[in-house]
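These notes are about the structure you will find just below.
Just so it is clear, none of the values below were taken in a lab; they were calculated from the coordinates. Fair warning: this is a prediction, and the values are worked out from it, not measured in the lab. Glycine also receives a Cβ, built like all others from the backbone with ideal geometry; neighbour counts cover every protein chain displayed.
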Amino acid sequence: MRKPYYNADDKRDQRRGLVYALCLHLALFLLLLAGLLHAPKSPAPVQIELWAEGDLQVEETPDTADEDATAEAEPTSEDEASADAVQESAEPDDPDPAAQPQETETQEPETSETETPEAAEPEPEPEPQADTEATPPLPPEEDPDIALAEAEKEREEAERKAKEEAERKAKEEAERKAKEEAERKAKEEAERKAKEEAERKAKEEAERKAKEEAERKAKEEAERKAKEEAERKAKAARLQEAMREAARSSAGISGGTAAENRAGGGGDDGYAARVRSCIRSAVTFNTPPRSGNANPTLQYKAELDRATGKPLNVIIEKTSGNAAFDEAVRKGILKCSPFPKPSQGGYPGSINGIYEMYD
């Protein structure tokens with residue numbers, strides 16, 4: 001026959017159940033022993049009342065154990081009445097007259113001697129009392145299998161409660177962690193938004209300042225350019241006027257105009273016309289056909305060597321708007337070397353002049 005397989009848990013449960021059963025039996029034995037040791041040596045008497053139908057009366061036996069010794073010996077009025085009734089019922093129809101006085105005499109002294117103030121009052125009839133001080137019955141022996149099952153049930157109940165408590169604590173811990181995580185995320189989100197808002201405001205402020213700075217610089221640059229342009233125009237006008245005066249004085253023409261000087265004013269071959277002729281012969285530029293009244297014109301300043309009249313540097317004071325034409329005129333001025341010598345005096349340090357694309 002194959003033996004059943006028991007694992008370590010089953011053996012441990014069996015040993016635990018056996019220990020529980022032994023403990024229960026030991027407790028029952030100790031309770032039984034305590035009941036025997038504390039049981040009263042003289043059990044309390046039991047009172048019984050008998051009731052019968054009809055006129056028959058039965059004399060009750062007084063409780064001698066609970067009452068005092070004096071009360072046991074003294075008959076009560078109820079006992080005397082019941083004794084008289086029994087005696088009358090037991091007497092024959094023809095009583096003995098000799099015996100009657102004797103009985104009364106014997107009873108009267110007893111009644112007078114035993115009559116006390118306490119006996120005058122009728123005492124209540126004692127109620128039957130249960131024998132509470134009796135030895136308790138022995139409890140029935142408990143079945144080890146039942147004890148083992150109860151122990152197993154208690155163990156399972158304890159494990160269930162422990163599991164529920166652990167689950168409750170785990171749930172509370174999870175809720176606490178979830179709450180803390182939500183609060184942390186909300187705090188981080190608020191901080192992130194505050195940081196983004198601060199960065200946005202700082203960026204807008206920086207852009208506003210940069211824009212204002214750019215506008216200020218642009219305004220200053222425009223004002224500077226306008227001022228420079230005004231100064232340049234004023235200077236060009238002054239230089240042009242000075243050049244005209246110099247050309248008129250060099251050509252010997254008093255009060256001649258710029259057009260007359262360019263054309264050799266007054267029929268005399270003027271200095272300005274000779275300078276322009278020298279420059280034009282050196283300028284290499286493919287002049288386009290003229291359209292309308294537009295005539296691109298530039299203003300220049302030629303710095304000359306006073307000894308030889310060679311041009312040292314050419315500065316374009318005012319551009320014509322055509323960079324190629326300006327560059328061709330500048331190179332033509334440098335190629336005009338040496339410059340025509342004035343009729344009177346030596347070479348000037350610089351000559352200011354204008355050059356037009358179309359004569």
Stokes-Einstein D for the stretch 145-192, Kirkwood Rh over Cα pairs, 37 °C, 0.692 mPa s (µm²/s): 242 µm²/s
Short version: ³J(HN,Hα) in whole Hz for each residue of the stretch 199-208, in order, from phi by Karplus 6.51 cos²θ - 1.76 cosθ + 1.60 (θ = phi - 60°), x for Gly and Pro, what are they? 5, 4, 5, 5, 5, 4, 5, 5, 5, 5
Which order do Ile316, Ile354 fall in if you start with the one that has the fewest other Cβ atoms within 10 Å? Ile316, Ile354
Could you please report the charge total around Ala158, scoring K, R as +1 and D, E as -1 over all other residues with beta-carbon less than 13 angstrom from its beta-carbon? -2
What does the net charge come to around Ala302 if you take all other residues with beta carbon closer than 13 Å to its beta carbon, with K and R at +1 and D and E at -1? +4
What list do you get for Tyr358, Tyr300, Tyr20, Tyr271 if you sort them by fewest beta carbons within 10 Å? Tyr358, Tyr20, Tyr300, Tyr271
Ranked by Cβ crowding within 10 angstrom, fewest neighbours first, how are Cys336, Cys278, Cys23 ordered? Cys23, Cys278, Cys336
